[in-house]
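Below is one structure, written out as C-alpha cells; the observations come after it.
Just so you know, all these numbers are worked out from the coordinates, no wet-lab data involved. Worth saying up front: this structure is predicted, and the values here are computed from it rather than measured. Note that we place each Cβ from the backbone using ideal geometry, even for glycine, and neighbour counts take in every protein chain shown.
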Amino acid sequence: MSLVIGILTFILIITSLFLVLVVLMQRAKTDGGMGSAMGGGSMESTFGAETGNVLSGATIKAAVVFFVLSFGLYLAHIYQLKHHDAGDGKLPTITAPAATTPSPAPQPATPAPVESAK
C-alpha cells in the first residue's frame, strides 16, 4: 500500500508543478504581468487565437486531477492507518481486569456454645 501512496504522491507533485506553471503562463486581463514574462506572447503563436481557451482548459483539467489525487491520498492514508500490521514493532497494550473487592466470608451456621450458670 505504501508503494501506491508513494507513486500517487509523486504524480501529485508533478501535477501541482504543472498547475502552477499553467496558471503563471496565462495572460492577465490587462495584457501585462507574469503572463507575458512567462511566455504568454509566444503561446499565442503556438496555439493561435485560442491561447486563452487552451490554457484555461489545461488549468481546469490539472485542478481536477490535483483534487482527485489529493482526496485519493487522504483516503489511502486513512485506510493504511486503520489496517496497519500488528508486527510493526510496538508492544501490545494489555488492559488489566477490573479490581473487585473480595466479599466477606460467610460465618458458619453453628450456634454459639451456651455457658452454664453455676
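Pop the C-beta distance of S16 and N53 into the FRET formula with R0 = 22 Å and round what comes out to the nearest 0.05. All intermediate terms of the calculation are to be shown ahead of the outcome.
Working: r = 23 Å, r/R0 = 1.03.
It comes out at approximately 0.45.
Approximating the spin labels as points 7 Å out from Cα along Cα→Cβ, the A96-to-V64 distance works out to 5.9 nm.
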